[in-house]
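The values are calculated or read from the model by the stated rules, or taken from the named source; none is laboratory data. Computed from a prediction, not measured in an experiment: that's the story for all the values here. Cβ atoms come from the backbone with ideal geometry, glycine included; neighbour counts cover every protein chain shown.
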Amino acid sequence: MESVFTKIIRRELPARIEYEDEEIIAIHDICPVAPVHILIIPKKLIPTVNDAADDDAVLLGKMILVAKKVAAQKGIAEQGYRLIINVGKDGGQTVFHLHMHLIGGKSLPFETA
Ligand code: 5GP
């Protein structure tokens with residue numbers, strides 16, 4: 001099922017794009033929780049981590065490498081940042097198109113939720 005991210009990938013909805021290549025797009029979160037809050041989104045529609053297949057291993061790895069690149073681009077690589085993937089209802093996932101949050105630009109408290 002398509003999500004708001006599919007529409008953003010197709011340019012049917014606007015977004016602040018920080019990075020894009022053939023497989024991945026990185027956009028600024030519409031509701032940031034920190035000075036830097038960027039979503040790393042594979043263009044392939046994988047609803048949740050539970051739906052990822054062995055064949056997606058390289059793509060999933062690339063998401064981390066894109067996060068690293070974007071963190072450097074935003075000048076927060078040295079201070080550090082947090083990468084989060086919410087999975088399913090209890091994990092707090094609200095958009096069912098796999099994505100990774102890159103959050104930083106301030107000291108982040110340890111949280112489990
Ligand atoms: P989740 O809760 O699924 O892990 O994260 C979904 C994220 O997508 C939320 O942080 C939310 O603010 C963000 N989001 C939802 N709709 C939009 C949108 O239309 N544009 C952008 N840029 N971010 C969105």
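On the stretch given as segment 80-101, residues that are part of a strand (DSSP E or B) and within 11 Å of the ligand (Cβ to nearest atom) total 3. Check whether at least one residue in segment 64-79 is among the hydrophobic types (A, V, I, L, M, F, W, C), within 13 Å of the ligand (Cβ to nearest atom) and either without any contact (Cβ under 8 Å) to a residue 60 or more places away in the chain or under 21 Å from residue 4 (Cα atoms) (or both), and report yes or no. No, there is no match, as no residue in segment 64-79 is among the hydrophobic types (A, V, I, L, M, F, W, C), within 13 Å of the ligand (Cβ to nearest atom) and either without any contact (Cβ under 8 Å) to a residue 60 or more places away in the chain or under 21 Å from residue 4 (Cα atoms) (or both).
In segment 106-113 there is at least one residue that is assigned to a loop (DSSP other than H, G, I, E, B), more than 15 Å from the ligand (Cβ to nearest atom) and touching a Pro at 6+ places or on another chain (Cβ under 7 Å).
Filtered by the rule that a residue be closer than 17 Å to residue 87 by Cβ, modelled with pLDDT of 95 or more, surrounded by fewer than 15 Cβ atoms within 10 Å (Cβ to Cβ) and not charged (D, E, K, R), segment 1-55 gives 50, 53. Scanning segment 1-32 for residues that are near the ligand (Cβ under 9 Å from one of its atoms), under 11 Å from the mean Cα position of the chain (by Cα) and in contact (Cβ under 8 Å) with a residue 60 or more places away in the chain gives 5, 29.
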